[in-house]
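Please treat every number below as a calculation from the coordinates, not as lab data. This one's a predicted model, so the numbers in the text were calculated from it and none came from an experiment. All Cβ positions, even for glycine, are placed from backbone atoms using ideal geometry, and neighbour counts span all protein chains on display.
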C-alpha cells in the first residue's frame, strides 16, 4: 500500500474549513479533476493523468470518526484507495491534513503508470484543494 500525505497550516477556524470541505462538489473540483459529479454519498471523477492516461473513479463517502471527510474507491483503477481529511486547531491556525492510501491494480495498468506517477499526481491534487481552502477563507 502506498501513501501520500499533504499537510498545511491555514489561518482559519476548524468550523470554517469543515464547511468548505463538506461542500464536496466544489472541494473536489478544486483539485483540478476534469469531471466531478456528486450524487448523495457517491462521487464520480474523471481526470487525465499525464499524456496517455485518463482515470475514472467512483468513490463513496464513508463514516470516519476522526475525519472531516473520508472516501473509498468503489470502482476504478486501484485495488484499494482511501482518502481522509483531518483538522487540528492550534495557536489560531488549523492544520489540515489529507492522506490517500492506495494500491494499484497492476493487471489494469501498463508499466508506464506506476505508484510514482499516482503519488505525484495526488500530491498536486491535494495541494490544489488546500490552495482553494486558503483562497475561500
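What nm distance separates the two modelled labels at residue 90 and residue 137, each placed 7 Å from Cα along Cα→Cβ? Between residue 90 and residue 137, the label points sit 1.5 nm apart. Residues 66, 105, arranged from fewest to most other Cβ atoms within 10 angstrom of their Cβ, appear as 66, 105. Axis of helix 115-136 versus longest Cα principal axis of the chain: the two differ by about 30°, to the nearest ten degrees. Cβ crowding within 10 Å ranks 97, 74 as 74, 97, fewest other Cβ atoms first. From least to most packed, judged by other beta carbons within 10 angstrom and beginning with the fewest, 30, 13 follow the order 13, 30. Here the translational diffusion coefficient of region 2-136 follows from Stokes-Einstein with Rh set to the Kirkwood radius across Cα pairs; for 20 °C and 1.002 mPa s it amounts to 140 µm²/s.
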